[in-house]
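Each reported figure results from applying straightforward, stated rules to the coordinates on display, with no laboratory input. Source: prediction; values computed, not measured. Cβ: placed from backbone, ideal geometry, glycine included. Neighbour counts: every protein chain shown.
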Amino acid sequence: MTYKIGAGRDVATPVRADNPNGQIATKLRALYLSVQEEAIPDRFLDLLEKLDAVERRSLSDVAE
Amino acid sequence: MSGGMTSEESSFKREMLAALPSLRAFAMSLIGRHDRADDLVQDTIMKAWAKQDHFEMGTNMKAWLFTILRNELYSQMRKRGREVQDSDGYFTEALAQHPSQYGSLDLQDFKRALEMLPPDQREAIILVGASGFSYEEAAEICGCALGTIKSRVNRARQRLQDILQVTGESEYGPDATSAPIISRSFVS
């Protein structure tokens, strides 16, 4: 059994122009990577810091 | 206070941070809009943080977060009706906010074609074809059988081929906003 989509995960792999599945796989990954390669927005870094800080504070409250 | 607990917390946070770029890409691929995708990612982080006791360190954090995001998306869609799936203004928004990223017309066409897929097929092909999950992992994330995922991926691939051939010839189809609606009425 062959999984055409899963085959050849390397984004840089050249795709024959006459292979529609290859083109689809390549474009799907290109679209995905265009977002994945963005820097993590500050809103998420700040959010995780806040969640962490709240948790640490409540833990130290329990300890006292 | 135990120092051990603190270091486990930070490693939970660290692993979550490591998975965030892919989680954002997943959300963006599913929804197509940066603002809504990032709102969904934020909701997912909050949910995951609240449930971190359920997560076993050393298991697949990425798959765990993807599962939470997916469940959150579908639960929000049920609450809001089909609003999340509404593609109105979809490309205008993407183009206005990120002109450099979607500079290739090719990729814009592909993005539009992806948006035309039924949600279950779209998520299946993204998970397997872009997120790097195995069929088994994708089935677990979607809470369905392995055969179901394989068939969804196959149908997604076939439908994308059909759509891209159609839209490739006429560039934009009838027009940018009505094309997805017309196609959808044929495919569902």
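Label positions at B:Met57 and A:Ser58, each projected 7 Å from the Cα along the C-beta direction, are separated by 1.9 nm.
Taking Cβ atoms as reference points and 9 Å as the exclusive limit, the residues near A:Phe44 contribute a net charge of -1, counting Lys and Arg as +1 and Asp and Glu as -1. A full extension of the chain between B:Lys79 and B:Ser11 corresponds to an added length of 21.1 nm, given 0.36 nm per residue minus the alpha carbon distance.
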